[in-house]
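Worksheet for the structure shown next.
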Amino acid sequence: MEKQYMSYMELIRKAFEAYEIDDFQLASVFFEQVIHSEFTQNAQEDSSLVSIFFHYGYSLARCKKFAQAIGVYNIIIHRFLKIRTPDVMVYVARTFNNLALCYRIIDRISEIFEPLELCIDHYKNEDDIEIIHQVALSMYYSSVFNKHFGNEQLHLLRARDIFTMFTHSKEKENTWQWRELLSHASSALQTQTKDADRNDLIMIKKIKDETRNDPENSISIYIREVLKVINADLKKNYFSIIEKERNRTNEFMMGESLLDKSRSFLLILREWNSYTPTIPSCDEKDRGGGYYVQHFKTGIVIDPGYDFIRLFHEAGGRLCDINNIIITHAHDDHTADFESLRMLIFRIKRNNPKVRPSLYVSASVERKFSGLMQLNDGLFERVVILNHLSIHETHIIKLSSDVKMIPLPAYHNDVVSFSHSIGVYLEFMLDSDNSTNMLFTGDTGYYPVRMENGKPQTYNYTHKGELVQDYILDDDPDNSLPSQYKGILSTNFRIDLLVSHIGSIQAFEFGDDHERIPSTENLEYISRNLYSNHLGLLGTLMLVNDIAPELTIVSEFGGELKKIRIELIAKLMQALRNKRKDDGKQELQIIPGDISVVYDIIHKKVLAFNGTEWVPTSPKQVSVLESQNYSRTYCKSSDNYDVVENQDFLRVCLINKNTSKMDSTRVNSTMKEFLSRYYNHKLPFHSGR
């Protein structure tokens, strides 16, 4: 018997546990078993027993099983009405009110008022505060329903009764339960000024005086007005939409990784630079900024600018995939989404404390975001301020056991600071003897600006009749980017992938001296024909030729280059090929960076379309064509350059896990809809969910 009783108590525990989390379906199942137990049948009729019956009836009503709920409520009234202990009477009074509401919902109109009147008659003289509230609530329902069914006299009678109950109540505080009821009563009597007697008007004035400056009363009034215009169905629809959006955000913040941690790759998730994304064209859908590098279990975000989070999420990335964040300088197109990333990390700190990436920023970025990077808030595993050292000095930072980073110089004024921008070198260990690497120039000029007494030296020139100021470059060969890179990265200098930022191009890069006439006649030729803040056309050519990487991805185009960038890079590579051929040097490969580019770090290949599917392809066999205003990488051997939109999802195989187990028909259909809706067939990644 003791064992059976323990099982009975466990059923009660499970029932109330399900009730507390609003799982009323499960709660009703457990309560039903409790109700039919012999222990319940023989139990003493006290507050514990009536509580079980009441919560069972309420659970049934919440499951819209109103007929069954009515049956349970009638049992409560039959068994417990004569018991006069306050705890039991409160449950019975609540039962009367709930029973009336069930009758109203299923339109048993003739039966609505009986339980309300029974509650009022049985308990109107009780002193217990909770019971008085329930009686007043019965009066409120009676008043509302009588008004609805056209019985104005009873409507006003019960409205007056609410005042009477409040007056006789021992509760002196004008609590929110009373305010709502009194507000209804006041409104009812005010609309019937002819029928309102002197006592009514005195009571109304008294209540108004007591509640006029009460914040809680004001809130209840606003709630009532809101409920007049937003019904239950509309509210349910609103919160359904809210829940859907929250789930989408939570999936990114707290969802498990979708990326295949046996892979090593670079995602180009940026396109236009600087202010260009701030003022997009009316048909512009791509404003990306940032890179994502994964080397097995190490995930690295570089320069999370405009729309980085959106693009990273659409590519299948999740917050847990980010172990390191690197920011090279303080311009907004490199930092715009950093604050959002920081807030997302803050939001999940309690639920997922393991998401604590390390943060590596230039000194200017630290200055810009100093208020967001408190060292003691626990959001970041560590915060490191990066500074490039002088030539022949190397600062090696281990991002993980198989990835190391070296800060490099970058000659770029990011407004916050003139001299703190950096480039980034990453080396990826494949085994104890082999590694691959990539070098991000960041935003930089080819030569630094000449400084005197800590101030940049400038000169004026005339451009189209207007006087313009620019910086004088320090053209000491030791200060050029290639010399700096080689001095810092050792004599065994070899770059597998160079990610170079071009910025834009200018007429003076084509030798058009009349475009840039300096006021100083002896100004060096270098300063007149090179950018001071970006590589531009000539700086990119010179850098690629001097470094000679296996592959160069030219990125960060000015938005004004979007329609010519693919042809521009093709011409740039042709010019470089001619130059290196004349010098007897090996041909180099250059492709434009776009959101469609995926680079396989281990095999040093680019994902390209071969007419049937996307496959890792040697850079020498890759060509880039324009497709629906976006660049795409193709195998040169392919005869079919028409991209079937369903095939785009095959790129997922490089970065996402479990794609082979997915229903290809469903995935293709989802991908087609996804691309059509968001990216006009541009983005080749999908989360697979």
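List of remarks:
- Against the list (1) modelled with pLDDT of 85 or more; (2) of a type in the set (A, V, I, L, M, F, W, C); (3) more than 21 Å from LYS604 (Cα to Cα); (4) not in a helix (DSSP H, G or I), the condition CYS282 fails is (1).
- Listing of strands (runs of 3 or more DSSP E) fully contained in the stretch 420-519 that carry 3 or more residues being at pLDDT below 90, over 27 Å from LYS571 (Cα atoms) and in contact with a His (Cβ under 6 Å, 6 or more places away or on another chain): none
- Sub-7 Å Cβ pairs linking a first residue in the stretch 309-326 that is farther than 16 Å from PHE296 by Cβ and open to solvent by 10 Å² or more (accessible area, probe 1.4 Å) to a second residue that is of a type in the set (S, T, N, Q) and assigned to a strand (DSSP E or B), at least 6 apart or interchain, number zero.
- In the condition set (1) part of a strand (DSSP E or B); (2) modelled with pLDDT under 90, VAL554 is compliant with all but (2).
- When residues of the stretch 1-18 are limited to those that are within 39 Å of the chain's Cα centre (by Cα) and surrounded by fewer than 18 Cβ atoms within 10 Å (Cβ to Cβ), the one nearest to ILE75 (Cα to Cα): PHE16
- In the stretch 36-45, residue nearest to ARG13 (Cα to Cα) [restricted to those that are assigned to a loop (DSSP other than H, G, I, E, B) and either modelled with pLDDT of 90 or more or open to solvent by 50 Å² or more (accessible area, probe 1.4 Å) (or both)]: HIS36
- Considering residues of the stretch 417-430 that are in contact with a Ser or Thr (Cβ under 7 Å, 6 or more places away or on another chain) and closer than 13 Å to HIS295 by Cβ only, the residue least open to solvent (accessible area, probe 1.4 Å): PHE428
- ILE21, sole failed condition from (1) surrounded by fewer than 17 Cβ atoms within 10 Å (Cβ to Cβ); (2) among the β-branched types (Val, Ile, Thr); (3) modelled with pLDDT of 85 or more: (3)
- Qualifying residues in the stretch 431-451 (those that are farther than 16 Å from LEU408 by Cα and not basic (Lys, Arg)) - the one most open to solvent (accessible area, probe 1.4 Å): ASP433
- Test for SER28: is it of a type outside the set (Phe, Trp, Tyr), touching a Lys or Arg at 6+ places or on another chain (Cβ under 8 Å), under 27 Å from ARG13 (Cβ atoms) and crowded, with 22+ Cβ neighbours inside 10 Å: yes
- Whichever residue in the stretch 146-164 is open to solvent by 20 Å² or more (accessible area, probe 1.4 Å) and not charged (D, E, K, R) and, among such residues, is modelled with the lowest pLDDT: THR164
- Residue match in the stretch 469-489 (condition: open to solvent by 60 Å² or more (accessible area, probe 1.4 Å), among the aliphatic types (A, V, I, L, M) and either out of contact with any helix residue (DSSP H, G or I) (no Cβ under 7 Å at 6 or more places or on another chain) or within 25 Å of GLU556 (Cα to Cα) (or both)): no
- Identity of the residue in the stretch 564-592, outside any helix (DSSP H, G or I) and of a type outside the set (A, V, I, L, M, F, W, C), that ends up most open to solvent (accessible area, probe 1.4 Å): GLN586
- Which numbered condition LEU561 fails, given (1) more than 24 Å from GLY290 (Cα to Cα); (2) open to solvent by less than 30 Å² (accessible area, probe 1.4 Å): (1)
- Residue in the stretch 63-86 that is nearest to the chain's Cα centre (by Cα), counting only those that are open to solvent by 40 Å² or more (accessible area, probe 1.4 Å) and under 18 Å from GLN33 (Cα atoms): LYS65
- Helices (runs of 4 or more DSSP H) contained in the stretch 46-149 and holding at least 1 residues under 25 Å from PHE31 (Cα atoms), of a type in the set (Gly, Ala, Ser) and touching an Asp or Glu at 6+ places or on another chain (Cβ under 6 Å): 47-62
- Within the stretch 400-416, restricting attention to residues that are open to solvent by 10 Å² or more (accessible area, probe 1.4 Å) and small (Gly, Ala, Ser), the residue that is farthest from the chain's Cα centre (by Cα) is SER401.
- Boolean, LYS464 is more than 27 Å from ILE495 (Cα to Cα) and not aliphatic (A, V, I, L, M): yes
- Those residues of the stretch 287-308 which are open to solvent by 10 Å² or more (accessible area, probe 1.4 Å) and in contact with a helix residue (DSSP H, G or I) (Cβ under 9 Å, 6 or more places away or on another chain), in sequence order: ARG287, TYR306, ASP307
- Picking from residues in the stretch 46-55 that are free of Cβ contacts under 8 Å to residues at least 40 places away in the same chain and open to solvent by less than 70 Å² (accessible area, probe 1.4 Å), the one that is farthest from ARG104 (Cα to Cα) is LEU49.
The values are calculated or read from the model by the stated rules, or taken from the named source; none is laboratory data. Predicted, not measured: the structure shown is a model, and the values here were computed from it. All Cβ positions, glycine included, derive from the backbone under ideal geometry; neighbour counts span all protein chains shown. Side chains are part of the model used for accessible areas, which takes the heavy atoms of the whole protein and leaves out ligands, DNA and RNA. Shrake-Rupley method; radii C 1.70, N 1.55, O 1.52, S 1.80 Å.
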